[in-house]
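The values are calculated or read from the model by the stated rules, or taken from the named source; none is laboratory data. On a predicted model such as this, the values are computed, not experimentally measured, just so you know. FYI the Cβ positions are ideal-geometry reconstructions off the backbone, even for glycines, and counts take in every protein chain you see. For accessibility, only protein heavy atoms count, side chains too; no ligands or nucleic acids. Shrake-Rupley method; radii C 1.70, N 1.55, O 1.52, S 1.80 Å.
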Amino acid sequence: MEREALEAGARQILLTNLRRGVADWNGKEFSFVVPSLRGYPFQWFWDSCFHAIALTHLDLDQAKAELTTLMSAALPDGFIPHIIFWEMEKQPEFLARNIVGMVSPNYSSTIQPPILAYAVERVYEATGDQNFKDNSLPILMAYYRWLRVNRDPDEDGLISVIQPEEAGTDCSPKYDEVLGIEDLTNQGFISALKKVYDVYEPIRGDDKKILETNVFHIEDVLVNSIYSFSLRALARMLGDSSEATEFNQEADKTRDSLLSKCWDEKTAAFYDLSGTDESMLKTVTISSLMPLILPDLPSQIVDMVVEKWILSEEEFWLPYPLPSVPASSSKFIPGNPGGFIWRGPTWINTNWFLSHALRRHGYKEVAEIIVKKSYEAIELSGYREYYNPYTAEGLGARDFGWSTLILDF
Ligand code: GLC
């Protein structure tokens, strides 16, 4: 597809999905892109970061507005929610189909993969706007400190998620065991999730207590790869300072624990750790490849992951790579049975992360194939939420915001 046509399509989505106004409930102005007008009509944390990065190619002011709106939802203690219901009138319909952990009616009390500092860095680099950076830094420092203080009880540099949606890969099969899913459908997932919500109900908002229940306490590989990656961006923006040292040290610690605790040499993959006893959840998914986004990962580990998993046609090297679950897995579903997501189809955001990662590690040709196939999928099926890895059939939401990340491949 010609770059012009691609940009025109992306611009169309980012404009159509743009929401601007003043929230009734806090009087604040908002200006951001919803992931999809029908399915996801609010602001989502990591989607917004991806939208802002895509917008650096189209509209710099809107890129800043997207992140400024997200950061305006930060609470005094530093926490930033994973969903902000700016337009409350749309909430009842959404909550009839989904469950969300909340203490306030206006935003969720859960997190999403913490890619924000990297997104701010990208928008700052694109705009050179010093004010934007200066206003963002205190919010970012408070946010990443909040994660460290509230989500890393064993202080090993790996932060924990308390429910699957926090990792952004909602129904991933890697959580089946912990959730005790019996019925392998989206309904089965929601029923299992409701049991977790029931335990949390009386202590919602107190994440330390929630982690102590040990009901869903996962040191997630995707989340921690993004955490370490983003802490580096924060440290870079802080320049030569004691704060930069603080965040760089945390990034080192996270990387070191990913290597010492989550890496399994025998199967050449990284696995999540579950519970206070940190048992490995040995299900390979796209998350198992995510530490490759760290530029300082030892090259022999990168080579092993690429050979064993990425370039294997039995695993991730399908006609439209990279699927969210390897093809050899008994849990692999390439299509979309009733929105049971993250169980096989290919997503543009993980391809964006991993194509850049592979390029950085010297796998230029592999990266270029992923890029080319991602372009092709969009050309064939438009900007969809995810794609069948064999046919590139478009699945899930239409006119999906973060697939415009293709502009940044
Ligand atoms: C789904 C995805 C999540 C995303 C949200 C909005 O819940 O799993 O990662 O943020 O949709 O697009």
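Can you tell which of Phe216, Val100, Asn17 lies farthest toward the positive end of the dipole of the chain, using +1 and -1 charges on the Cβ of basic and acidic side chains (Lys, Arg; Asp, Glu)?
In the chain, that residue is Asn17.
Ordering Met280, Met237 from largest to smallest accessible area (1.4 angstrom probe), what's the sequence?
Result of the area sort, largest leading: Met280, Met237.
With a Förster radius of 35 Å, plug the Cβ-Cβ distance of Met280 and Arg38 into 1/(1 + (r/R0)^6) and report the FRET value to the nearest 0.05.
0.35
Run the quick spin-label model on Asp296 and Leu311: label points 7 Å from Cα toward the beta carbon, then report their separation in nm to one decimal.
With each label point 7 Å from Cα toward Cβ, the separation is 2.7 nm.
Tally up the carbon and sulfur contribution to the accessible surface of the range 151-286 as a whole percent, 1.4 Å probe, everything protein left in place.
C and S fraction of accessible area: 46 percent.
For the chain, what relative contact order do you get, as a whole percent, if you take Cα pairs closer than 8 Å and at least 6 residues apart?
15
If you stretched the chain out fully between Lys331 and Leu95, how much longer would it get, using 0.36 nm times the residue separation minus the C-alpha to C-alpha distance?
82.2 nm
Expressed as a whole number of Å, what is the distance separating the alpha-carbon centroids of the range 287-307 and the range 220-234?
First find each Cα centre; the distance between them is then 14 Å.
With Cβ to Cβ distances under 13 Å as the rule, what net charge do the other residues near Ile83 carry (K, R +1; D, E -1)?
-4
With n ≥ 4 as the cut-off for DSSP H runs, can you work out [θ] at 222 nm for the chain, using -39500 (n - 2.57) per run divided by the number of residues, rounded to the nearest 500?
Estimated from H runs of four or more residues: -13500 deg cm²/dmol.
Along the Cα→Cβ direction, 7 angstrom out, place labels at Arg3 and Lys194. What is the inter-label distance in nm?
For Arg3 paired with Lys194, the spin-label model returns 5.1 nm.
Rolling a 1.4 Å sphere over the protein heavy atoms, what is the accessible area per residue of the chain, to the nearest Å²?
Per-residue value: 38 Å².
In the structure displayed, which of Lys331/Lys373; Lys261/Lys373; Lys194/Lys261; Lys266/Lys308; Lys282/Lys331; Lys28/Lys64 lie more than 22 Å apart, Cα to Cα?
Table pairs above 22 Å Cα-Cα are Lys331/Lys373; Lys261/Lys373; Lys194/Lys261.
Report the accessible area of Lys282, computed with a 1.4 Å probe over the heavy atoms of all protein chains in place, in Å² rounded to the nearest 10.
It works out to around 110 Å².
Considering only protein heavy atoms and a 1.4 Å probe, what is the carbon-and-sulfur percentage of the accessible area of the range 10-69?
47
In whole percent, and with a 1.4 Å probe on the protein chains, what portion of the accessible area of the range 70-131 is carbon and sulfur?
53
In what sequence, largest accessible area first, do Arg384, Arg343, Arg3 appear using a 1.4 Å probe?
Sorted by accessible area, descending: Arg3, Arg384, Arg343.
Want the number for Glu155 to Ile369: 0.36 nm per residue separation, take away the alpha-carbon distance, what's left?
73.1 nm
Rounded to the nearest 0.05, what FRET efficiency is calculated for Ser72 and Tyr390 with R0 set to 56 Å and r the Cβ-Cβ distance?
After rounding to 0.05, the efficiency reads 0.85.
At 0.36 nm per residue, and after removing the present C-alpha to C-alpha distance, how many nm does the segment from Thr213 to Asp303 gain when stretched out fully?
28.6 nm
Positive end of the dipole of the chain, charges at C-beta (+1 Lys, Arg; -1 Asp, Glu), about the Cα centre: which of Phe229, Tyr144, Pro319 has its Cα farthest in that direction?
Pro319
Which of Trp352, Leu289, Gly401 sits farthest toward the positive end of the charge dipole of the chain, with +1 on the Cβ of Lys and Arg and -1 on the Cβ of Asp and Glu?
About the Cα centre, the residue reaching furthest to the positive side is Gly401.
Assigning unit charges at the beta carbon (Lys, Arg +1; Asp, Glu -1) and nothing else, what dipole magnitude in debye, to the nearest 20, does the chain show about its Cα centre?
Using only the charged Cβ atoms, the result is roughly 540 debye.
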